[in-house]
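The values are calculated or read from the model by the stated rules, or taken from the named source; none is laboratory data. Remember, predicted model here, so these are calculated numbers, not experimental data. FYI the Cβ positions are ideal-geometry reconstructions off the backbone, even for glycines, and counts take in every protein chain you see.
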Amino acid sequence: MTITLRDPTSELSPQTREPLERPDDLEGLTVALLDISKPRGDVFLDRIEDLLAQRGAKTRRYKKPTFTRVAPVELTQQIATECDVVVEALAD
Amino acid sequence: MTEYIIVIKEDCPTCRLIEPVLGLLIANRTVEVTCQDNPSWPDGITVTDDRALARSWALGIEIVPTLIRLEEGEEVERTEGWSRADWERITGMSLTADIPDFRPGCGSCTVEPGMGEKLAVQFGQAQLHARCLELGDDEDDIEACFDRGWSDGLPVVPPTDLRVLRMLSGTRRAPDEIVGQVPPDYATCTVEKVAINAVMAGCRPEYLPVVIAAVEAALVDEFCMHGLLATTYFSGPMVVVNGPLARAIGMNARGNALGQGNRANATIGRALQLVIRNIGGGKPGGVDRAALGNPGKYTYCFAEDETHSCWESLAVEKGYPSDASTVTLFAADGLQGIIDQKSRTPESLCRSFAAALRVVGHPKMVMAADAFLVVSPEHERVFREAGWSKSRVKEELHELLQIPGEELIAGADGIEEGLPEKLKDQTLPKFREGGLNIVRAGGSAGLFSAIIAGWGASGATGSSPVTHEIKLR
């Protein structure tokens, strides 16, 4: 059954949650490159890493154990503490 | 066209008693019989099945049986219970069944405990004004409240319509009545919004008047809620409740009064914090800039033990009659204990208190932070036996807390912190006038009292304690 709650806030914010604010540029930021373990994800991320390096961005590589499950909490925590933005290689 | 509606339930002895009267009426009048609990009763009568209570709710039935007379579909008259004279007058019939002339009815199913709000949710007009948020099918309701940033870090009770309507039953104030503008966003706060946050905090409906009073007190300019929220200092709002209502709702003023375990203490203080967070928009890391905060920023609320005190209560000191119920808000830090297990004279005990109070904020800080001294029963006994009033204790402490400027100036005692050199020859009081408050609370054993120090900015430059009467209904 769908649950409906009453908003406890001043309703100054929109009802739908906004995604986190995106940075204007990558200056001084560390970019996580997350391979979700789909085939050729590494090829895609190698290219992205090259392009980011050309723009002077720092990168770090991570890999999920399997694309069939969400990332382990330890991995998301590691990425969150070590990096500022994430690029995920979703495609085959 | 239906001339009469009769609402009954089988569970009601009076309804069962008048069964022969129903037969008489149906034979001679156009009657709709509505039954709340059994659509196949009474035998041989066509009955409107009202087990869902929609019909009874729409008709505003409080007692069964109820007889209603209609003219052109509109109600013109009703009677509740069984009175032969009334029923004969309304129906214009002689109702000569062999039953007593009078029997009171029973409560309608619509007025069973908690049913009113349930039916209001199902069948009522929209009474709530707050935005509805529909959760996703796979969303856990408590997690959803965390996800939306509504929580202080602990689970909240999800504010469903039913819970909010039940909470609102704790006050007669209209849901859309404006309580004030809550900082830091200065967003408009209604009684309904307070009720929603009180639900989330875990309050019972009878606590709601206390929560509303606490919010009103927090919004008084002298309390300076905006600055208190924004400060890098430890403080947050503490609520002291006085008067008969504190006892009526079961607040704890005795053992562990400042600790965990009492629902009213725990949830009233928490509700105030959630109002500041959710309605005012005041969140840690946002406008709340506290360097460390204190655990009381989850909840900080207790009652003064007036029943066994030899002293006048905080509320009476503030000018309220002893039968008034009040909240007093104080910009409070954490708690510092005072141990004195040997003083048996008020003079000695006051010297202990003064030595402990001297260090509030900083040993060299004067007339900055206020403080609450929470005196336990075993310490109060020392004053009681010596016949010392609360004001005498305050006067004694005031005298003991006159501090020579040479001890307070920067550099004294090898401590760079301190007052300007020019104050070296003055004597200064630790507390501004009226800055030290005393209340009595605590368990019967333990020669300990407590100092609850206040925000370093007190009085006109910051926050003053604010006492506000609780409007019961």
Open item on the list: I'd like to know if segment B:58-76 contains one or more residues that are modelled with pLDDT under 95, within 19 Å of B:Asp11 (Cα to Cα), of a type in the set (A, V, I, L, M, F, W, C) and not in a strand (DSSP E or B).
Closed with: no
Counting only residues that are more than 7 Å from chain A (Cβ to nearest Cβ), of a type outside the set (Phe, Trp, Tyr) and more than 29 Å from B:Pro284 (Cα to Cα), segment B:111-164 contains a total of 18
Over segment B:177-195, the set of residues more than 14 Å from the chain's Cα centre (by Cα) and within 19 Å of B:Leu133 (Cα to Cα) is B:Cys189, B:Thr190
Among residues of segment A:18-54 being over 17 Å from the mean Cα position of the chain (by Cα) and under 22 Å from A:Ala71 (Cα atoms), the residue surrounded by the most Cβ atoms within 10 Å (Cβ to Cβ) is A:Arg40
- Report whether or not B:Arg277 is within 14 Å of chain A (Cβ to nearest Cβ), surrounded by 20 or more Cβ atoms within 10 Å (Cβ to Cβ), more than 15 Å from the chain's Cα centre (by Cα) and assigned to a helix (DSSP H, G or I). yes
Exactly one of B:Ala27, B:Ala52 is assigned to a loop (DSSP other than H, G, I, E, B) and of a type outside the set (Asp, Glu), and that residue is B:Ala52
Taking segment B:26-37 and keeping residues over 12 Å from B:Val7 (Cα atoms) and either surrounded by fewer than 17 Cβ atoms within 10 Å (Cβ to Cβ) or modelled with pLDDT of 95 or more (or both) leaves B:Ala27, B:Asn28, B:Arg29, B:Thr30
Filtering segment B:363-380 down to residues that are in contact (Cβ under 8 Å) with a residue 60 or more places away in the chain and over 29 Å from the mean Cα position of the chain (by Cα) yields B:Met365, B:Val366, B:Met367, B:Ala368, B:Glu378, B:His379
Of the residues in segment B:1-24 that are touching a Pro at 6+ places or on another chain (Cβ under 9 Å) and assigned to a loop (DSSP other than H, G, I, E, B), the one that is surrounded by the fewest Cβ atoms within 10 Å (Cβ to Cβ) is B:Glu10
Within segment B:165-198, residues being of a type outside the set (Val, Ile, Thr) and either more than 12 Å from every other protein chain (Cβ to nearest Cβ) or on the phi > 0 side of the Ramachandran plot (or both) number 10
Requested in this report: Inspect all residues belonging to segment B:164-182 and state whether any of them is under 30 Å from B:Gly361 (Cα atoms), in contact with a Gly (Cβ under 8 Å, 6 or more places away or on another chain), at pLDDT 95 or above and buried (at least 22 other Cβ atoms within 10 Å of the Cβ).
Outcome: yes
